[in-house]
Every structure is written in structure tokens, then in C-alpha cells.
Amino acid sequence: MNVIDLRCEYARNPLGIEARAPRFSWMLEDNRRGQTQTAYQILVASDPAKLAEGRADKWDSGKVLSTEQVSILYNGATLVSRERCYWQARAWDGEGAPTGWSEVASFELGLLDPSDWQSLWLGHPAGFNGQGLYFRAFFNLDKPVARVARARAYVAGLGLYEFYVNGVKATDHVLEPAQTDYASRVLYTTIDIGALLREGRNIAGAIVGNGWHGAPKLRAQIHIDFTDGTSVVYAAQNTGMGGGTSWMVGTGPIVANAIYDGETYDARLERAGWCDPAVEPISGYNRKEFWVVAVPVDAPAGRMQAQPLEPMRVVQTLTPVAIREPAPHVHVADMGQNMVGWVRLRVQGARGTTVTLRFAENLNDDGTVDQGNLRSAACTDVYICKGAGVEEWAPRFTYHGFRYVQMEGYPGAPGLEALLGCVAHSDVATRGQFECSDDLLNRMQRAAVWTETGNLHGLPTDCPQRDERMGWLNDMTVRAEAAHYNCDLNRLHGKWIADIHDGQDARGAIPDTAPYRMGSRPADPVTMCYLLVPWLLYQHYGNTAVIAEHYEGFKAWVDYLTTRSSDGILPFSYYGDWSPPIAEATVRDGGPTPISAHTPGALMSTGYYYFGSKLLSQMAAILGKRDDAFAYGALASRIRGAYQQAFWDDVKRVYGSGNQACCAFTLYMGLATEEQQAAVFDALVRDVEAHDDHLTTGNLCSKYLLEVLSAHGRHDLAYRIATQTTYPSWGFMLANGATTIWERWENSKDTSMHSKNHPMMSTFSAWFYRYLAGIQVMPNTIGFNHFAVKPHLVDMSEMTHASASLETVHGRIESAWQRDGDELRLHVRVPVNTTARISVPKPSTHADAGVSIRESGQLLWDKGAIAAPITGITAAEEDGAWVTFTAGSGEYDFVTTY
Ligand code: BGC
């Protein structure tokens, strides 16, 4: 067994963390089956050399008898600001044999105390809201670079910034920092600038735009530690950095920048060498008319927080698939994919030539771009050439959601190389892969991944293109699970839960959007993602930090809802099962709204109030808060009783109106009595059939519809709904050219609510993983330490294989099945230190026939019983249409034959 992939605070070798007691995790690798960890030891030292000698001067956990390998809290000597530590771990395997020590990993703390910040916030004396500002300061390094042990810049710029040293951008991050409520928190980045320093004169520079803030401001502080033990801090106090030149500020080529509207760049105003000390500083760019002394400006009220999530980056580039000329000198590029980011323009033109780029998801009939659905967002970038040969440019402080780019004023006929699509979003790791024999489902899956990742910009947004881009909580209640199957959102969602918490008021009420910019406070109770997301972080990543940190906030929200409830019923609702097909909509002022006419808001609100109370009780139990666990469990039972009283229709034998949403929601949440369940399920099936196997649900209940049908034995019907290509369906979107999932079931370019890239509607992706491939979380587990693999099969003629993988904190889970004639093969990978319940499907035609199952060539199951013991498999049972084995770690290849 080996200990690998060490993480601290859920990141590899993080720089600038905030936790004084960081959490450690690792993975185990072992080729033997059925392996577990029985003990571990962690060493933390101030120097890797000490670790090599086995001296852990910060913490030696000693041998701890435990199977835990995720979220283990540091419990050593007190750590201080900027402290850098090295650590390693070892484990003991199932037989009690120790592994070798892991490789050494590191972590470094950021500026933990407000007093660590000696730099002021600086701005332009004239404010300049709207233009990009350029900041720079000289600082002197009076020792050779070789004697620099460590050099860090701690930087925050509002709204958005780029940081430079000696003319070089110091990171590959874009759109930094992630958006927060600046009155609560401002995120700063810790940057290793060691490689950019030179002896003598250096220049620190920053370009700062408006982002979500307003007039640009900057706070930057540089710390350099030398190998001789001395150190120097260059703090911006506007008397200069360490006695050198003051921070100066000036305007430049970014003459306009706005998140929604776009950026205008006049290359004629560039100041080449603006932060390059090699360029003669006194003449040219140091001239008075360019630079003024930056002035201290009001600090944002929020505290400085070390950026706790992955940065945004350009993660992929796309070349246009075609460029057409729908009108003279108007060229429209088709990127072939609805993407989020911007384009890098390549152009050669006379000085002053102006190229305008308009971004859109739709085209007009004449082939020009249709920006109607962007509402007030201009989504237009402008570049003015300086006339210096081939010029290349991309904006810095805006982003767009688009498939088409209209170029106006481009000199001559642009070739495909005139534009390069830069896909930019939070650079989170891919977590899952899903693929199957059905091309439509594969295309839906690809669209779901584009939709989810295109809406990760330091927070999960509802859409990336129009004048919105908000962290809507109602959407997340269903979006989260699919999102976590596809992407590692442990840190990004952890940050966003803090955004919600920042928006929570003294009554306990949370806002509809976080950071709070739109909607109401109190939020619609369907925003139960405030509790569900932390619960998923716990189940999926073993993340205990978010639950521990925000428990009081969760409790305050549930308690607030109690004050708004009457006899267990929560009557208020704004959105409910939002955006169902238009025929289901409530009509107001003569027109349809996105509110469902047939799914009562109070039913949804009360159901989520129940769900939230149950989650809170489970979290309380994890935190050892027994009284709360009991009290909220009891509250949940009372709400369930009230729901049954209020919404059960004893004549129709359904809940609410008995439409698909009411039935699926009630069953998914476990709100029907056992005796009512069959009736509710029958009503659900009847309603689906009455709609010709199409859905009638909105953003929330579409998820529950598929899951409930599959879980209750009508997987075939779920599959029918999922693979429809006629309205309303996901296939209808794809049949109409979608490459990302739409906000509405209707195909419209309407101006109000027709985003073409809206992750609330791509919840089917979780159903792919959970039912088609069968990878499911089990109750009372953490970080997938015990899970199920239970593939659900549909008719042979429709699907012959499906496979999925999921990178968990314990390692990769795999499930892949393939049907060939009368034979079914199932490959499963179970990570070390986990166990799985693996259900091998019996094809329906043979459900009752005696099935025999071989594993890696050996007969395992025959005539309803284990044929011979096989390493790794500890139990087996026949379970309806499946034979279920309990298995320890390892790779398994099952084959059923008849
Ligand atoms: C957002 C949706 C959200 C809705 C709630 C819309 O503007 O785009 O994602 O569900 O508002 O009102």
C-alpha cells in the first residue's frame, strides 16, 4: 500500500491558506483486493530536512488507529501568519503493516491577522469608474536574487485585477478575485513572485478594472525573505514601497470596461514598458502627464480573506468553424459551440482602425447576430488598432456567453485565424466521465458539462450571457448533484456557502442570490441548497469544514422558516417549480409567467422545509449536537404529518394537483405514507403517459421525475422521457442546435427569459451517473467510503453499454456495463479503504431464470447462491432484478450468462 496525492485544505500544496488548523487528506493505492487503512501517522515540520530526519517540530500525530484519511485536523504547535510547513503521512494496511512515508507536501499560511496588512487601499485621485487603471511602484532588491528564499505578493484589486512584476503577468489567473459581498469579505491571492525578481530596480504593476465593484482600487503587499534570515516588506502606504518610489496610477488603453457590456481598448494609448524597469524610467512612461501619485481610498468594509477556491483561467481555446459575411463588411464567426469567455482578436490595420465584436447566442434570419435575449447587456468589445503590423488583443475585465461573434470594421476578409475563442472559468478539476451507446444521451452529457463549467466564475451563476449572471439558490437545489458528479466543486461551493452566509440577516433569512444582488430576502424556501450543498460536500468529498463552520447559519434559516410557518405548513413561495412548459404556466397580465399553475408553491415550500429540517438533524448528529439532532428530527416528523394532512387528496389519491411535479416531489422527499406510495406512483405514471411520455415539470421537479421513475421500477419510462426529441425535452433543445442546455423548454429568442446556457435544467446528468451507470452514495457514509454500483438497464434494442467514472477523495470509482447477446459484463473499480454494494443486473427477460455470474473468469454465483468464495467479495444476496455483492477495494469483472 502507498500513501499518495496529499492534500491540505482540499488542495495540493496550497499557498496562502487561512486555517490555523488545516485539514489533511490523502489517497491510498494498493493492487490487492479488499484493502483498508487501519491506522495513520502524520508528520508536520518547518523544514523538509527535518522530515528526512524524522523530526516533526510542528506536529507528530503518532500512530492513530483509524480508517479516516480525509479531513483530519492539524493538532500541533500554533501556526502563525505566512508560516510554511512540510508534511508527510504513512498508513497501516489491513494486515497492520505500515506503508513507507509518502512524498513530502507543503502548505503555507496567508496573512491571518488584519494587522498583517500594512498596505493601504489605493486608487486614482479622480476615481475613474469605467476605465481600467494602471498602477505601478518601484522597489529595490539590494541582495542577489540567489539569496531570495521566498518572495510573495499578497494582492487584492477591486473589482478585477491583473498583477505584474517587471513587465510579466505574475499568474495565469483571469478575472481575479472571485466575486464576494465586499462589505463582508474581499479575497486576496498569494502569489509566488520569486522567479520574476531581479537584483536592483524592480517594478510591481497592476491593471485594475471595475468588475462587480465600481471605481478600481488596489491593495498589494510584497514580502521577501532572504536565505540569511532577514526579510523585507514592501507595503503600499503611499509614502512609497520600502522607501522607494510611491505607487503611481494612471489611465491607459482600457478606455471602457464592464462585465455585462464589454471592453473597449484603444491600443494607441498603450504604454509599452509601463512596468518594465528595463525601459528608461525617467523619460517616456514616467512622465508626469501619464502618472499621478495614487491616493489612499476607502477600504471595503469586508475582511481580507485568502482566496479559498481555484482561480479562473483560460482552460481551452476554440477556433471558429466558419466565418460568413451576412452583410457587406459584417462578418459573423460561428464558434461551433456555445462557450463562455472571450475571443482573442488578430488584426492588421491602419492606426485608428476600429473593430467591433458583438457576442450572441442566436442569429437573426439574415445571419447577423441577435442579442435580444441578452436584455440590457451590450456584450460588445471594441479594439482600436495602433497600426503596428499584426496586433493581437483579448479583453481582461469582461466575459461573454456566446456562440456567434459579429465583427464590424475588420479590415479585409477575416480568415478563421482572426479569432481564437478563449474558454474561461473557474479551473476546477473534472470529476466524472459518462458515456453510453446512445448518441443523444452522450450529446446531452457534453452539453451538461459545457453548461455547468460555463457557469463557474468564482461562484455558480445561473447563466453567463445576459445582464444577470447571479448565484441563484433555487436553481442550485437541483443543480448541485449533477454538478458534483461532473466537476470537483468542493472548494468553489464551500466559498459560495460563505457567500450565502454573508447574505443572511439577523432574523436568519437568506437571500435568493448570493452574493445578494437580485431576488428577495427571505428567499423562496426552495433554496434549500444552503443545507443540501454542505451535505453533498460531506457525502462526496468528506468535507466536514463547511458543516462545522456554518451550522449556526443553517439552523438560523430553518428557525426563521419556522417563524413563517403555521402548523407545520410553510405558505410562502415565489418561484416553486419554476419554468415548466408554457402550457403549465400561471397567466398574469394576459401573459404566461414562469410560475407553475399546477404545482402549489406551498406544497414545494413545505416539502423543502421538511427536507431542510431532516438535513439539519443529520448534520447536528455529525457534529455531536444530540439535542439539536433530536429536536430537528422531531420537527421534520411534524412537518411531514402536516404535509400529509394539508396536501393529500383522498378522492383523487394524490398530493396537490397530482401532476408530475407534485407526485415526483412527494415521493422523492419521502413525504407520502407507505400506504399512499403506490397510488401516487401510479398517478405519476398515468400523467406521463397522458402527455405522450413527455415531462410537464420545471427546473426543480424534472430531476425528481427521472429519479423517482427509475427508483420505483419504471426506469424504462424515465429513459423514454430522457430520450425524447420532441417538445418539451432536452432532445428537442439539441434537435434545435443546442450545444448547452436552455433555460426554457420552448425554442425562443425572446428578450426576457431565454438563456441558452442555464445549468438548472441539466440535472439529468446526475441520473446518468446514478441510474444508467449506477454510481450512488449510500446513507450514513462520508466521501464515498461506502457506495453502491447499481446499473439500471433499459431494453436491449435501445442501449448496449454505459460507463462512468468518478474521482472521489478515496480514489476513482468505475462502473461500466456492456451487453452482448445473452451476456452482460460489468466492470467495477472500488477504491482502497472503501466498500461497495455492487448490483449485477439480471437482464429482464431472464429475471427469474437462474442466473450464473462469473467474476474474472471464476464462477461466483450459481443457482441462487455463492458458488465459491472470491477474494474481496464478502456477501451476496438476490435482490429483485439484481444480484448484489458486497465488495472491498479492487477491480472486478462480472459476467452473467444463462
Ligand atoms: C434566473 C433563474 C432563476 C429565476 C428565479 C431567473 O432570472 O435566471 O435561474 O431560477 O430567476 O426567479
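The values are calculated or read from the model by the stated rules, or taken from the named source; none is laboratory data. Worth saying up front: this structure is predicted, and the values here are computed from it rather than measured. Glycine also receives a Cβ, built like all others from the backbone with ideal geometry; neighbour counts cover every protein chain displayed.
Among the residues of the stretch 77-95, count how many are over 26 Å from TRP117 (Cα atoms) and touching a residue at least 24 places away in the same chain (Cβ under 8 Å).
8
Just give me the residues in the stretch 789-799 being surrounded by fewer than 18 Cβ atoms within 10 Å (Cβ to Cβ) and of a type in the set (A, V, I, L, M), in sequence order.
Within the stretch 789-799, just MET796 meets the criteria.
What strands (runs of 3 or more DSSP E) lie completely within the stretch 130-212 and have 1 or more residues being among the basic types (Lys, Arg) and within 26 Å of PRO460 (Cβ to Cβ)?
185-192
Of all residues in the stretch 645-696, count the ones that are more than 13 Å from MET604 (Cβ to Cβ), among the polar types (S, T, N, Q) and part of a loop (DSSP other than H, G, I, E, B).
3
Residues of the stretch 714-745 being more than 21 Å from GLY336 (Cβ to Cβ) and within 15 Å of the ligand (Cβ to nearest atom), which ones?
Those that are more than 21 Å from GLY336 (Cβ to Cβ) and within 15 Å of the ligand (Cβ to nearest atom): GLU743, ARG744, TRP745.
What do you reckon, is ALA482 of a type outside the set (Asp, Glu), within 16 Å of the ligand (Cβ to nearest atom) and under 22 Å from GLY454 (Cα atoms)?
Spelling it out, ALA482 is indeed of a type outside the set (Asp, Glu), within 16 Å of the ligand (Cβ to nearest atom) and under 22 Å from GLY454 (Cα atoms).
In the stretch 730-754, which residues are polar (S, T, N, Q) and surrounded by fewer than 23 Cβ atoms within 10 Å (Cβ to Cβ)?
Correct list: ASN736, THR739, ASN747, SER748, THR751, SER752.
Of the conditions (1) surrounded by fewer than 20 Cβ atoms within 10 Å (Cβ to Cβ); (2) without any contact (Cβ under 8 Å) to a residue 24 or more places away in the chain, PRO411 fails just one. Which one is it?
(2)
With the structure loaded, tell me whether ASP366 is touching a strand residue (DSSP E or B) at 6+ places or on another chain (Cβ under 7 Å) and among the charged types (D, E, K, R) or whether it fails that test.
Yes.
Would you confirm whether or not the stretch 450-462 contains a residue that is assigned to a strand (DSSP E or B) and modelled with pLDDT of 95 or more?
Yes, that holds for at least one residue.
With the requirement that a residue be free of Cβ contacts under 8 Å to residues at least 60 places away in the same chain and among the charged types (D, E, K, R), what does the stretch 338-380 give you?
Scanning the stretch 338-380 gives ARG358, ASP365, ASP366.
Among (1) farther than 24 Å from ASP750 by Cβ; (2) out of contact with any His (no Cβ under 6 Å at 6 or more places or on another chain); (3) β-branched (Val, Ile, Thr); (4) in a helix (DSSP H, G or I), where does THR527 come up short?
Only one criterion in (1) farther than 24 Å from ASP750 by Cβ; (2) out of contact with any His (no Cβ under 6 Å at 6 or more places or on another chain); (3) β-branched (Val, Ile, Thr); (4) in a helix (DSSP H, G or I) is unmet by THR527, namely (4).
Among the numbered criteria (1) over 30 Å from the mean Cα position of the chain (by Cα); (2) closer than 23 Å to VAL293 by Cα; (3) buried (at least 21 other Cβ atoms within 10 Å of the Cβ), which one does ILE224 miss?
Answer for ILE224: the failing condition is (2).
In the stretch 733-789, which residues are at pLDDT 95 or above, of a type in the set (S, T, N, Q) and farther than 21 Å from LEU363 by Cβ?
Scanning the stretch 733-789 gives SER762, THR763, SER765, GLN776, THR781, ASN785.
Output the number of residues of the stretch 561-604 satisfying the condition of being outside any helix (DSSP H, G or I), buried (at least 20 other Cβ atoms within 10 Å of the Cβ), more than 16 Å from the ligand (Cβ to nearest atom) and among the aliphatic types (A, V, I, L, M).
Selection size over the stretch 561-604: 1.
How about the stretch 475-515: which of its residues are of a type in the set (D, E, K, R), surrounded by fewer than 23 Cβ atoms within 10 Å (Cβ to Cβ) and not in a helix (DSSP H, G or I)?
Scanning the stretch 475-515 gives ASP488, ASP505, ARG507.
Specify which of the listed residues (LEU473, LEU489, LEU456) is away from the ligand (no atom under 16 Å from the Cβ), closer than 30 Å to TYR608 by Cβ and of a type outside the set (D, E, K, R).
Just a single option satisfies the conditions, and that option is LEU489.
Looking only at the stretch 750-809, which residues are within 16 Å of the ligand (Cβ to nearest atom) and touching a strand residue (DSSP E or B) at 6+ places or on another chain (Cβ under 9 Å)?
MET753, HIS754, SER755, LYS756, ASN757, PRO759, MET760
Select from the stretch 159-215 the residues that are among the hydroxyl-bearing types (Ser, Thr, Tyr), within 22 Å of VAL340 (Cβ to Cβ) and crowded, with 23+ Cβ neighbours inside 10 Å and list them in ascending order.
Answer for the stretch 159-215, where residues must be among the hydroxyl-bearing types (Ser, Thr, Tyr), within 22 Å of VAL340 (Cβ to Cβ) and crowded, with 23+ Cβ neighbours inside 10 Å: TYR161, THR180, THR189.
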